Amino acid sequence: MLDRHAALIRARNRFADVRVCSLYGTPELTRTLDEIDSPEVLVVPWLMCAGYTMDRLCAVIDGHPASGRISLAEPIGAQPDIAGLAAEIAAGACRLRNWLPEETAVLLIGHGSGRNTVSAQTTRRHAARIAETARFARIAIAFLDEPPSPAEALASLDTPTCVAVGLFAERSLHGEDDVPRLLGAGGEVHYTGPIGIAPDVVDIIVAQANKAQRTRPLNAAQRNIASD
């Protein structure tokens with residue numbers, strides 16, 4: 001999926017090169033950085049929020065010999081445009097099912113964590129942004145690792161229909177299997193899948209890269225603020 005996004009960005013001829021790498025898997029981040037000899041490198045984290053993994057990414061980049069020419073963007077999932085994308089995906093689901101948006105609830109499902117509030121805070125911010133548009137009957141949130149669960153959130157809704165949008169970066173056990181299972185069977189609920197697979201997320205990636213190019217890399221104090 002990331003390879004597909006990278007190919008779409010590469011086709012725009014905006015950047016000298018577009019690479020995909022992994023902090024924990026392959027192709028490895030540090031090895032990829034070693035291979036790049038460009039005078040400037042823009043790193044766009046494919047994460048849905050700040051937190052532990054973002055902090056780990058910052059530490060790896062800070063310790064790399066090329067750190068002086070690396071600009072690090074904020075996580076994709078923390079960007080306000082994610083809320084707009086989620087709303088458009090929900091509206092598209094309504095059209096597909098012939099549902100009226102003004103009678104339909106939108107349920108944003110994030111990962112959540114009992115040890116870190118960042119995921120929940122990010123999800124709530126996106127929900128608030130969508131609510132401000134008044135396009136849907138109600139906006140609700142749910143999490144996999146903290147309350148309310150998807151089933152609990154659904155039980156609290158009084159709308160005849162609901163579109164659930166997964167705030168996950170990619171197809172995985174959480175976004176593909178756990179959410180449908182936790183939503184349960186029955187009722188007028190449409191799950192759109194992980195938001196990270198949407199083609200329009202490419203525009204958000206490019207916008208983040210452009211923003212990183214115009215600003216200084218985040219220092220330690222700024223990263224702590226962004227993670228709070």
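Tell me which residues, restricted to the stretch 188-226, are in contact with a Cys (Cβ under 9 Å, 6 or more places away or on another chain) and modelled with pLDDT of 70 or more.
If the condition is that a residue be in contact with a Cys (Cβ under 9 Å, 6 or more places away or on another chain) and modelled with pLDDT of 70 or more, then Glu188, Val189, His190 are the ones that fit.
Which count do you get for residues in the stretch 42-79 that are surrounded by fewer than 14 Cβ atoms within 10 Å (Cβ to Cβ) and within 10 Å of the chain's Cα centre (by Cα)?
Qualifying residue count for the region: 0.
Scan Glu152, Glu88, Glu102, Glu170 and give me the residue that is over 27 Å from Ile205 (Cα atoms), surrounded by fewer than 17 Cβ atoms within 10 Å (Cβ to Cβ) and touching a residue at least 12 places away in the same chain (Cβ under 8 Å).
Glu102
Collect the residues in the stretch 7-41 that are hydrophobic (A, V, I, L, M, F, W, C), surrounded by 14 or more Cβ atoms within 10 Å (Cβ to Cβ) and within 23 Å of the chain's Cα centre (by Cα), keeping them in residue-number order.
Leu8, Ile9, Phe15, Val18, Val20, Cys21, Leu23, Leu29, Val41
Tell me, which residue of the stretch 108-149 that is hydrophobic (A, V, I, L, M, F, W, C) and touching a residue at least 60 places away in the same chain (Cβ under 8 Å) is farthest from Val163 (Cα to Cα)?
That would be Val118.
The values are calculated or read from the model by the stated rules, or taken from the named source; none is laboratory data. From a predicted model like this one, the values you see are computed outputs, not experimental measurements. Cβ atoms come from the backbone with ideal geometry, glycine included; neighbour counts cover every protein chain shown.
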